[in-house]
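This report refers to the structure that appears directly beneath it.
Any read-out appearing in this document is the output of simple, stated calculations on the displayed coordinates, not a laboratory observation. Bear in mind that the values here come from a model prediction, so they are computed numbers and not experimental data. No Cβ is skipped: glycine too gets one built from the backbone with ideal geometry, and neighbour counts run over all protein chains shown.
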Amino acid sequence: MNDFIFYSIVTLVVCFGIAYYLLSRIDSDIIPEDYDAQLDPFWTIWGIMLIGGVCAFHFYPENADMIYNYKHITFILPLIFAILIYFCYLFEFDFASNALVLIGGLVVSYMTPLDYRLFPQLPYAFLDKLAIASIIFIIAKGFALLNGLPAVASLQCLTILLSIFVLAYFGILPQVLAVVAMAYFGVIIAFTFFSWPPERLILSQGAYTALGFVIACLMLNASVEYAETSMFVAASYMITEIFVFLHNRYIVGTKTSWGFMNTSYFKISNEGEYIGEVLNALCKIMIVNIILSVAQIYCPSRLAFPVFSIFTNLWFLSILSGDAKPIQFLSVSRVGYNFLENIFKKKDKRNK
């Protein structure tokens, strides 16, 4: 066993043990709106992520093959913005919280090397930084969309973190990134024990947005190391749910009080009721996404697997829901026809 595997296992076990102990002592009979600051699971998750990430970076030997100049502030700054975002949601400053997510994304993106371009097609560097900040914003808000489905949100988070570890194992990402990811992994998997049905702990929308921001920044660090498309594949389930939400909310026009009620999982699982078979199927979808994220590195086309993984997720979800046969979701013409049909139906309703 090399040092990289040893450090990763130790980091995961320590963070999991501490997080599990502290989370188990939180009163599970209260809801996020009534949380006392000392009883909010967010503080346990955020605190261990901060200490675990910094210690993992500090004690693990530096690599010589890194593109990004990793420092302690690399992992501390996203967590600082995360706590500010959380406070904005706590005091119901919705506009300020959204602005802070975007500003935080810009600050983190400007910390990347000056010659790093995620979208080299853009004529100016500041447009590329703005695009990166927008992606961070979408990922953070995507996690907030899953705030009513804690087990599903935990699975998506674990998929991204495990993908980073596997990519580092194959030498695609710096090992220090994987050790930090395992610190986060240990905290999230501890929370998964309490968020898995029947759930004992849940997080607020602000906590999920803050958590999504931290994960998005870690994905950005991996993207700088030429793993950007792999990170998109790892997050493809969440991207799929965002598309489904936008379709149901703005094309179909389904009125709901919470965003997660427009997700495919909520519809499939009988209006949010957790079903073991559906959750187990989602675990399989996440495993497929991890495999595709690793295979993407060896694919010459940058967009091949991200697009393929989104259609794969739609395919699996359609099988679970029983709404369509697999061949219908594999047919681009069929998907396009349904999309246009819903648009015209909505237009006809408005005219009437």
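Counting neighbouring beta carbons within 10 Å and listing from fewest to most, the residues D115, D128 come out as D115, D128.
Could you derive backbone 3J(HN,Hα) for region 250-263 from the dihedral phi with the Karplus parameters 6.51, -1.76 and 1.60 (θ = phi - 60°), listing whole Hz in sequence and x where the residue is Gly or Pro? Each residue of region 250-263 in turn: 9, 9, 6, x, 6, 8, 9, 7, 10, x, 5, 6, 9, 7 Hz.
Whole-percent P(r), region 180-238, all Cα pairs, 10 Å bins from 0: 20, 46, 29, 6. Multiplying each eigenvalue of the alpha-carbon gyration tensor of region 91-190 by 5 and taking the square root yields semi-axes of 25, 22, 11 Å, largest first, rounded to whole angstroms.
The ranking of V14, V176 from fewest to most other beta carbons within 10 Å of each one's beta carbon is V14, V176. Neighbour counts of C-beta atoms inside 10 Å place I215, I135 in the sequence I135, I215, starting with the fewest.
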